[in-house]
Structure formats: structure tokens, C-alpha cells
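Written out below as C-alpha cells is the structure these notes cover.
Just so it is clear, none of the values below were taken in a lab; they were calculated from the coordinates. These numbers were taken from a predicted model, which means no experiment stands behind them. In this analysis, Cβ positions are derived from the backbone assuming ideal geometry, glycine residues included, and neighbour counts consider all displayed protein chains.
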Amino acid sequence: MNKHYPGEPKASYITPWEDTPDWERSSASAVFGQVRDFIMISDGNTRRLSRVQRGRFVALCWITQIYKHIPDPKPAYVADWDDLPDWQRETDADIFDRIEESVLKTGEAPAPG
């Protein structure tokens with residue numbers, strides 16, 4: 001987040017894991033699991049995806065969690081990839097890359113948080 005966000009991120013964007021609301025922690029864990037499983041069932045061929053494809057996958061997984069936990073989310077919460085700010089796209093791609101790096105190195109990935 002801090003790497004790509006222009007200026008100072010909102011406090012809610014950088015909340016420590018233990019202070020993050022339960023629904024958000026649950027959602028982050030679900031997205032982590034989806035990315036990890038995708039990498040593992042692809043036998044690591046996710047390395048061949050473009051940065052945009054990687055980030056899009058994370059964004060789509062997150063959108064489904066928003067719909068799961070928020071009955072009528074703001075449009076910005078469920079925006080399509082092309083409508084996301086650059087910092088969010090870059091952050092989503094970084095999330096994929098971090099999980100992929102760990103999975104390919106160890107065969108597993110660290111839990112979020």
C-alpha cells in the first residue's frame with residue numbers, strides 16, 4: 001500500500017492486522033486462499049501471466065468478498081479493473097506476486113496478517 005499510494009494513505013488502508021475488522025480479515029484470508037490455490041493448481045504457470053492479469057485476479061477475488069459481506073456496496077468498492085486507481089492496481093498485483101513467490105519457493109504460502 002505505502003509503496004504505491006500517492007501521499008499518505010487513509011488510516012483504514014493501513015490498519016494493523018489485529019485491528020482490522022473481522023469481515024476484512026476473513027475476506028483477506030479468502031482472497032489469499034484463492035490466489036494460493038490458483039497458483040498451486042496451475043503448477044506455477046501463473047508466472048506466465050502479465051502483471052495486469054495477476055492484479056485483476058486479486059481484484060476479482062476481493063470484489064466477490066465485498067459482495068459477500070456488504071449487501072449494497074458503494075460502486076467504488078466493486079469497481080472493475082479499468083476503473084481502479086493506479087495505486088490499487090499496483091497493490092493488487094504486488095499481493096499476487098508476494099503469494100506466488102512464497103508458494104513457488106516453499107510449496108506453501110504464509111498466512112495473511
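Brief remarks on what is shown
- In a simple Cβ point-charge model (Lys, Arg +1; Asp, Glu -1; nothing else charged), segment 24-113 has a dipole of about 180 debye relative to its Cα centre.
- Cut-off 10 Å between beta-carbons: net charge of the residues surrounding residue 81, Lys and Arg +1, Asp and Glu -1: -2
- Remark on segment 22-106: ratio of C-alpha radius of gyration to 2.2 N^0.38 Å is 1.08.
- Total formal charge among the other residues, if their Cβ is under 12 angstrom from that of residue 48, Lys/Arg +1 and Asp/Glu -1: +1
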